[in-house]
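A.B. asks: Shown below is the structure under consideration.
The values are calculated or read from the model by the stated rules, or taken from the named source; none is laboratory data. These numbers were taken from a predicted model, which means no experiment stands behind them. A quick note on method: Cβ atoms are made from the backbone with ideal geometry, for glycine too, and the neighbour counts reach across all protein chains shown. Please note that ligands, DNA and RNA were not included when accessible areas were found on the heavy atoms of the full protein model with its side chains. Shrake-Rupley method; radii C 1.70, N 1.55, O 1.52, S 1.80 Å.
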Amino acid sequence: IHIIERYRAERKKSKPKTAINRTIRNTGAALFISGLSTVCGFIVLIISPIPPIQLFGILTAMTIIYSIILDTVVIPILLLRIDEK
């Protein structure tokens, strides 16, 4: 949501590639840092003595990592493709 809305705002002022660059540079950096801090918070659950909680920590951290990748790589590509049409 943050990436898409920021892109829409930037797109009103500039061309698609410039808008994506500004979006990723500003909003993408914030999402990346907040995502990494959240991953660190869940990865701590690995040291739990209870196996289901360990698994929960691993799965949640992996899901957040995938979300970071989607936010910073896949969504910008899709936005550019959609904007070309």
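A.B. asks: Could you grab the pairs with beta carbons closer than 8 Å, sequence gap of 6+ or different chains, first residue in the range 13-32 and without any contact (Cβ under 8 Å) to a residue 60 or more places away in the chain and open to solvent by less than 40 Å² (accessible area, probe 1.4 Å), second one of a type outside the set (S, T, N, Q) and not in a helix (DSSP H, G or I)?
C.D. replies: What qualifies is 19/13.
A.B. asks: Condition first: among the aromatic types (Phe, Trp, Tyr) and modelled with pLDDT under 95. Now tell me which residues in the range 1-57 satisfy that.
C.D. replies: Across the range 1-57, the qualifying residues are 7, 32.
A.B. asks: State the number of residues belonging to the range 65-77 that are open to solvent by 60 Å² or more (accessible area, probe 1.4 Å) and not β-branched (Val, Ile, Thr).
C.D. replies: Final tally of qualifying residues: 2.
A.B. asks: Of all residues in the range 1-12, how many are in a helix (DSSP H, G or I) and without any contact (Cβ under 8 Å) to a residue 12 or more places away in the chain?
C.D. replies: Looking only at that region, the number is 3.
A.B. asks: Working only within the range 38-64, note down all residues that are hydroxyl-bearing (Ser, Thr, Tyr) and open to solvent by 70 Å² or more (accessible area, probe 1.4 Å).
C.D. replies: Passing the criteria: only 63.
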